[in-house]
Structure formats: structure tokens, C-alpha cells
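All remarks here apply to the structure that follows.
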Amino acid sequence: MKTKSTLFLNIKSLVQVEAQNQKTPSFRAGKQMQDLPSIENAFLLIENGKIKEFGRMEEMNDEQKSAWLDSSEIEKIDATDKFILPSFVDSHTHIVYAGSRETEFEDRIHGLTYEEIAKRGGGILNSAKRLQQTSEEELYEAAYQRLFEMIGFGTGAAEIKSGYGLTLEDELKMLRVIRKLKEVSPIKIKATFLGAHTFPKEISRESYMNLLTQKMIPQVAAENLADYCDVFCDRGFFTVEETDRILNVATKYGLKAKLHANELDTSGGVQIGVKHGARSVDHLEHMGEDEINSLLNSVNSAKNYSQTMPTLLPSTAFFLRLEYAPARKLIESGLPVSLATDYNPGSSPSGNMSFVLSLACIHMQMTPEEALNAATLNSAYAIELEKTHGIICKNTDANLILTKKIPSLAFLPYSFGSNLIEQVFVGGNRI
Ligand code: NIG
Ligand code: FE
């Protein structure tokens, strides 16, 4: 389908653009996280769903002016006092789920912790019970709504995990829902197998480990249902040894590692993730020197190893009243940081990336520039989309956010809770 061309004019600032004559890095780390290449008073042209051209208003030449300004084929949008940014990349979500968990929310108000609720059979097991009783169609409908809610909040690419199935059939059911979402979604989606989310009560620990490594992973790989394999490596969940065993098998079957690590304790999850060349290790509320050094060493520490992206999920810390991850310490050590929502029914029932930006600035003392890098280029890297997403780059899909009139970029995270996104464009189409 040919989409109409759109020309934005007088953009106050075109943020996070591919710098001219300079290769954009795959991610920004340490001090570079403060860099956010932008063009003030800019234009941007979308043609056939792609970013065709952009630059300074003054640089628009006569030929371009006569071809574009008078053409009835091109819709013109005056963006005076408005910003354009690349869409956010939400690299960590669990949006395929059944029901909701506000009873546990109330339990926490009365003093129970997330771990206490999980030990009583609530938490992930609560969601698993509901998911097992829900049909694939119903799950798909609910997840589809959540996906479009996220897109409306400015998300232009996302990762979605399984992990509420906890049986072979139900994990496959979740992954099939994600596959269907991939097929119909206007935005790019990556799928993650998270069978190792918790241990079901019905079978022994060892039996579940065998199920994961001997049946689930081979089957997920055979049906090509996932890009990554994730493990919740933390106190009360999977040990480092179990994580190692699972990731050894996953790697053998071509599933790359990702981890839930160090949310509840310094679990050893970061190091085991780096050992397996994980593309990202996520949560990181508990981080010591060893964890930081391990991440620093992950930069090309061995052949085929890539940088493991530390991904922070501040809305989870907010919702569960946990310590926030030490973003400043990571950035000042020279590491990159990415941000995601963790959208799920138990620890972060929200897919709002703007709110994540506000929390990152307010509670983790990230600057607005660092937070924007973390939510665009760096989070694109966390799901291997940094070449096409998280940056305004010619000939890539026009996945963009047009803000309302705002005085500065900092005004976005500053105005927490306000919706300052005027329009979202996906593949050049207004959503
Ligand atoms: O990322 N920490 C583990 N998994 C999810 C929460 C899952 C749940 O409570 O349903 C998370 O926070
Ligand atoms: Fe999560």
C-alpha cells in the first residue's frame, strides 16, 4: 500500500538524528550518553513510509521547495514549537497475560512484599493459573489491545516474553500469540522464551529443569518461535547453576540469552548473563563492583561476544517500592544503559515509556538526554534493532513521535503524567 507523503516543516528540534558524515555508534555509553545529535528548525520528509530526507529549514534548496511545497501529493504539517523524536523502543515486556493482579497490589499496600506474595503461590504462579485457563484467541485479543496502547504512547518497536505458561503447551500457546502479533503488528516485535520465569508447583524442580532443557527449548527452536531465551536468575527463583544449564542448551539451539537479574539480590545473574554473551541483562536494582566490572569486560571480551546492555526498569522499582537501579554509577563507570517498561500484570502494569523517562530522570538522576538515548538507540541495541530503530535515519521506516508544543526537551520528562505526544507515526502512517 502506498502511503501518502508527509512533510514536516519548522520543527523546533529534530532529535536523535544520524549525524552527517559520521557513523552513528551502535549504542551510547558513559559520557556519550549525554550526546543527542539534533537539528534545530528542521524539516523532515516521509515518502512511502520511509524517512526520505531531513535537514535544516534554511538548507531546503529551490528544487526541493518547488517539488515539495506545491505538491498536492504531499501533506504538510507545521511543527512550529514541536519536537520530533524517533519512537521509543520498549525492549522488555510481558504483555501476553490473562486477568490482572490488583489484589496483590492491595496486599502490598497492607505490607506484604513481592517475594512474600510469590512464596504464597501468588505472583507469577497466579498469572500462570489464569493463563492456562485462557484460550489463545482471548490472549491474543488482550495482548493486541496492550500493543496498540503502547504504540499510542510512542513505542515503535518492542520485545514480548512468554513465561506465564509454565507447561510445554501453555508456553507454546503464549509464543504463538506473540508470533501472531508479529504478523499483524505495524511495529517490529522480538519474541523471548521465558519458560524459566518460576518453578510450577505441580512438578519437582528437577523435573521442570528437564522439561525446560529437554522439551521446551528444543520445541521452541524447532518451531522458530523465539529470538531469545530469558531466565529469572534471582533469589527465590532460578539459581546461577540452573541459569547456566538452561542458557547452555538455549545457545546450542540458537536462542540468544537475555536475563532477569539482580532485582531482588546480587544474584550472580549479571555475570552468568555476560558469560553467555547475553544481549541484555535487565532489572539490576542490586549492583556491586563485580557486576559493573563484568559488564565493562563484556565489550568484545571474547570472539562473538557483544556488549551486554544493562537495561533498567524503573517503573517496576516504582510499583514494587524497590531500590532504583544505580543508573548514575553504571553510566559514570562508562557503561551504556537502556530503559524499558517491563509491562506485566504483577510488577509494572504500564506500557508508558514517557513515564519511564520521568522516573529515570527523577529517581535515577539520569539527565533527559541520557534517558532519551536509553529509551531509543540503546534499547534498540538491546533487541538488535539499532540499525533501523531508535534513531532518525534516512531510508528507515518512519517510526516517529511528534510532540505537542513544548518549550524544551527536558519538559517531556519534567511533565510527568502529562501526555505531550501529539501524534505517533508508524511506517509513515499516523496512528
Ligand atoms: O520482570 N521479575 C520477574 N518477572 C516480571 C514480573 C512477573 C510478574 O510478577 O508477573 C518482572 O518484574
Ligand atoms: Fe520482566
Within segment 169-203, restricting to residues that are in a loop (DSSP other than H, G, I, E, B) and open to solvent by 30 Å² or more (accessible area, probe 1.4 Å), the one that is nearest to ligand 2 (Cβ to nearest atom) is LYS201
How many residues does segment 204-221 contain that are surrounded by fewer than 20 Cβ atoms within 10 Å (Cβ to Cβ) and without any contact (Cβ under 8 Å) to a residue 40 or more places away in the chain?
9
How many residues are within 26 Å of GLU115 (Cβ to Cβ) and either hydroxyl-bearing (Ser, Thr, Tyr) or within 16 Å of ligand 1 (Cβ to nearest atom) (or both) if we restrict to segment 328-345?
8
Looking at segment 67-83, is at least one residue on the phi < 0 side of the Ramachandran plot and in contact with an Asp or Glu (Cβ under 6 Å, 6 or more places away or on another chain)?
no
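Which helices (runs of 4 or more DSSP H) does segment 274-380 wholly contain that include 2 or more residues that are of a type in the set (Gly, Ala, Ser) and away from ligand 2 (no atom under 16 Å from the Cβ)?
Once the helices (runs of 4 or more DSSP H) in segment 274-380 are filtered for at least 2 residues that are of a type in the set (Gly, Ala, Ser) and away from ligand 2 (no atom under 16 Å from the Cβ), what remains is 353-363, 368-375.
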Taking segment 79-104, which residues are part of a helix (DSSP H, G or I) and within 11 Å of ligand 1 (Cβ to nearest atom)?
GLU104
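How many of the residues in segment 282-295 are open to solvent by 60 Å² or more (accessible area, probe 1.4 Å) and more than 13 Å from ligand 1 (Cβ to nearest atom)?
3
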In segment 305-327, how many are of a type in the set (S, T, N, Q) and either without any contact (Cβ under 8 Å) to a residue 24 or more places away in the chain or within 16 Å of ligand 1 (Cβ to nearest atom) (or both)?
3
ALA222: at pLDDT 95 or above, assigned by TED's automatic domain parsing to the domain that holds ASP342 and farther than 24 Å from GLU323 by Cα, yes or no?
yes
The residue that is nearest to LEU402 (Cα to Cα), considering only those in segment 36-59 that are part of a strand (DSSP E or B) and of a type in the set (Asp, Glu), is GLU40
When the residues of segment 78-99 are filtered to those that are within 16 Å of ligand 2 (Cβ to nearest atom) and among the hydroxyl-bearing types (Ser, Thr, Tyr), which remaining residue is most open to solvent (accessible area, probe 1.4 Å)?
TYR97
Mind listing whichever residues of segment 16-33 are surrounded by 14 or more Cβ atoms within 10 Å (Cβ to Cβ) and either among the polar types (S, T, N, Q) or not in a loop (DSSP other than H, G, I, E, B) (or both)?
GLN16, VAL17, THR24, SER26, ALA29, GLY30, GLN32, MET33
Any hit, segment 346-361, residues being open to solvent by 20 Å² or more (accessible area, probe 1.4 Å), more than 16 Å from ligand 1 (Cβ to nearest atom) and touching a strand residue (DSSP E or B) at 6+ places or on another chain (Cβ under 8 Å)
yes
Take the residues in segment 114-134 that are without any contact (Cβ under 8 Å) to a residue 40 or more places away in the chain and assigned to a loop (DSSP other than H, G, I, E, B), then tell me which one is surrounded by the fewest Cβ atoms within 10 Å (Cβ to Cβ).
GLN133
Could you please let me know if LEU166 is buried (at least 18 other Cβ atoms within 10 Å of the Cβ), touching a strand residue (DSSP E or B) at 6+ places or on another chain (Cβ under 8 Å), modelled with pLDDT of 95 or more and not in a strand (DSSP E or B)?
yes
Selection from segment 415-431 of residues of a type in the set (A, V, I, L, M), modelled with pLDDT of 95 or more and under 20 Å from ASP397 (Cβ atoms) yields ILE421, VAL424, VAL426
Condition (residue is in contact with a strand residue (DSSP E or B) (Cβ under 8 Å, 6 or more places away or on another chain), under 20 Å from LYS387 (Cα atoms) and not in a strand (DSSP E or B)) applied to segment 60-76: is it met by at least one residue?
no
List the pairs whose first member sits in segment 222-247 and is within 15 Å of ligand 2 (Cβ to nearest atom), whose second member is among the β-branched types (Val, Ile, Thr) and part of a loop (DSSP other than H, G, I, E, B), and whose Cβ atoms are under 7 Å apart, counting only residues at least 6 apart or on separate chains?
PHE232/THR198; PHE237/THR198
Name the single residue, out of those in segment 135-148 being open to solvent by 20 Å² or more (accessible area, probe 1.4 Å) and touching a Phe, Trp or Tyr at 6+ places or on another chain (Cβ under 9 Å), that is nearest to ILE391 (Cα to Cα).
ARG146
Take GLN16 and decide whether it is touching a Pro at 6+ places or on another chain (Cβ under 7 Å) and outside the structural domain of GLY334 (by TED's automatic domain parsing).
yes
Yes/no for LEU409 being in contact (Cβ under 8 Å) with a residue 12 or more places away in the chain, buried (at least 19 other Cβ atoms within 10 Å of the Cβ) and assigned to a loop (DSSP other than H, G, I, E, B):
yes
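The values are calculated or read from the model by the stated rules, or taken from the named source; none is laboratory data. Given the structure is predicted, the values throughout are model-derived calculations rather than measurements. Here the Cβ is made from the backbone with ideal geometry for all residues, glycine too, and neighbour counts use every protein chain on show. Side chains included, ligands, DNA and RNA excluded: accessible areas come from the protein's heavy atoms. Shrake-Rupley method; radii C 1.70, N 1.55, O 1.52, S 1.80 Å.
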